[in-house]
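Notes follow once the structure below has been shown.
Every number here is computed from the coordinates shown, using simple stated rules; none is lab data. Not measured: the values here are computed from a predicted model. Please note: Cβ atoms are built from the backbone with ideal geometry, for glycine as well, and neighbour counts cover all protein chains shown.
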Amino acid sequence: MGPSGGGKTSLLTLLGGRSTARLEGSVNFNGSKMSKALKRKLGYVMQDDLLFAELTVYETLYFAALLRLPRSWSVADKLARVDLVIEGLGLERCRDTIIGSHMMRGVSGGERKRVSIGHELLINPSMLLLDEPTSGLDSTTALRLLHTLRSLASGGRTIVTSIHQPSSRLYHQMDKLMLLAQGRVMYYGDAQCVAAWFKMLGQPCPFGTNIADHILDLANGDVVTRSGANVASGLSGTVIGNRGSGGGAVRRRGAGSATAGVDDGTADDGRMDDRAVGDGGDAAACSSSTDEFAEEIHRQLIEAYEKRTIGHGRGGIRASELQDELRDEIIAPPGGGGRGARPLPSGDGAKGVSGMDLLNLASSSDAEDKWGAPWVQQVRYLTVRSVKTRRFQSLSVQKTAQLLVVAVLAGLFWWQIGARLDSTQAALDVGGLLFFVELFMGFATLFAALFTFPLEFQMLVKERQSGMYRLSAYYLARTASDLPMDCFLPSLFVWIIYWMTGLRIHAGAFFAHWASVLLIVLTSQSVGLLIGATVINPQNGQTIATIFMLATMLVGGYYVRGMPVWIAWLKYVSFIYWGWNLLLKIEFRHRPYDCGLVSGAAAGAKNCSIKQAAIFDIDVDGSVTKDVCILIGMLIFLRLVIYYALKHKTTFKGHK
């Protein structure tokens, strides 16, 4: 527990090996350094439920089981584990309900949280870490959730959870408490002894006040006042006595105040005994201290705990002794039971394997396959999952309607322009049509792809840290699942506009035009994916994408024909430039225009060369091989850069 900014989430992410920061020090598990194998045996439930809104409860756990459970298990065994977790967490009623979001109605908040817990419970972790699991839940739902967690703990697991502001009913579900303030430990021990500890320090819990609220007030610097006097002012003269010298835990100094000695109230095993609970004192109220006194209060209350924990004087507990005490508790966890919770799969501790033995299990697992599924199966499962997550957005009415309207309007504006090449202006109009086709499809696909990785980035990081799959498998699966729909809509656009505008009536020209548009679309999509994978922030990505597309459009060859030499080289890195060249060559290669209708044309001069007329700045009769190879090269290069950008963003070095 602790106030906002106290370090709860930071501590949990460190313990779970999920910290993205570069830190000094180390995290040890029963005296051994945290390893990747150990991290894969720890369950971690984030504060925000990162789940795919489009998947059902069963589908969410189904894909997690296929990817996370050992590959030595059969599919039937993995699905049996899914059914067991669903039954144990009471999710049968919503088994086939989608997770949902603020835009789609789905399961309730409590059910979402239980699905998140089930996602981690599939691997049967020995330790389960949860970051504020009761946030956003009503008190009854939160209590039911904690009952479930107690049932999990009774199965031989260690459950570590952070709670921001629990009710008294929630607080009394806890066995141990660590109170954090400004990143430092203010108390650690039996949750039911915290009142006695702070009472010993002169900060008793006022009558009728929730003990959780009281200790959070203390962690925030709000202290108890007695008889109208602000204790904050008195604490400025308070000294936390050393056990080896003073004999009292707290003593006050100042004019008119007597020095009061308070016995440490601890038994030989370091726990509080009845001596710690003395006179309850007068009725008390909570008041806010000033900022300067709050800092002093924090310091003194924290020092009181720290000197008790690591003091070398009488009654102090050395760090090594504390570690031995914790190890004993891990090996022989106290008995506990769920309160009305359903049976759940047992933890390793319930199988007779102690927490200390988990080190051996982790070491042996290093020799096993790291991933729950082979690479090929990872690609397969992730592809199917990706298709399912896009089932509500791939063929959306809005996207399809937009494309159809634009295609029909463009077909009407350029109606049969390609069938009547009777002037240089008509040829220029066809060139404008081809440039529009390229721009519209390029802009549409780039900005659609821009949001692909930012929307899934947190999920990708979470699943990568859990060791669910290889990044290469995810990347290939995401690309493969997007490809059919990313090609279908542009194809529909080409089929409509090509024949309405009367472009070259030739099977080879049509299929070449179609393939070229798809190549341009995939290259444009790659640019959007790269910006999204690099920037992550969608707003910044949109700004960069807009500038990029406008720049490539201006150097594409249609708007500006006489660029200065010092900037003209930009066109060679523009896929718009190479794509337009390719479309022009397919349409006009060895194709004359009817110049006999032009006023002043020579008699019989009906077929004039577009190349000789220099209508465009390129050789329209030239080979398309160069343009195709450059676009394919850009596509491959961009896809490789995207992969390494994602790898850089999702690989964390952690501790140094």
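Amide hydrogen proximity for residue 176: with H placed 1.01 Å from N in the peptide plane, the residues at 5 or more positions away or on another chain lying under 5 Å are 191. Close amide H partners of residue 23, meaning residues 5 or more places away or on another chain with modelled amide H under 5 Å apart, are 655, 656. When you count the other C-beta atoms within 10 angstrom of each residue and take the mean per peptide, 568-581, 148-161 line up highest first as 148-161, 568-581. A simple rule links phi to the HN-Hα coupling: the Karplus curve 6.51 cos²θ - 1.76 cosθ + 1.60 with θ = phi - 60°, which for region 576-587 gives 5, 4, 5, x, 5, 4, 5, 5, 5, 5, 5, 7 Hz, with x for Gly and Pro. Once each part is reduced to its C-alpha centroid, what is the distance from region 425-470 to region 99-126 in angstrom? Computed from Cα coordinates, the inter-centre distance equals 30 Å. Remark: region 26-42, residue by residue, has Karplus-estimated 3J(HN,Hα) of 8, 10, 10, 10, 6, x, 10, 5, 4, 10, 5, 5, 5, 4, 6, 9, 9 Hz, where x stands for each Gly or Pro and the curve is 6.51 cos²θ - 1.76 cosθ + 1.60 at θ = phi - 60°. In plain terms, the chain from residue 140 to residue 491 could stretch by 121.0 nm, reckoned as 0.36 nm per residue minus the Cα-Cα distance. When the C-alpha to C-alpha distance is required to be over 28 Å, the pairs from 113/199; 8/113; 78/388; 8/41; 626/647; 399/649 that qualify are 113/199; 626/647; 399/649. Here the residues 506, 102, ranked from fewest to most Cβ neighbours within 10 Å of their Cβ, fall in the order 102, 506. Put simply, the amide H of residue 29, placed in the peptide plane, has neighbours under 5 Å in 34, leaving out anything fewer than 5 places away on its chain. Site pair residue 178 and residue 515 shows an inter-label distance of 6.2 nm when each label is modelled 7 Å from Cα along Cα→Cβ.
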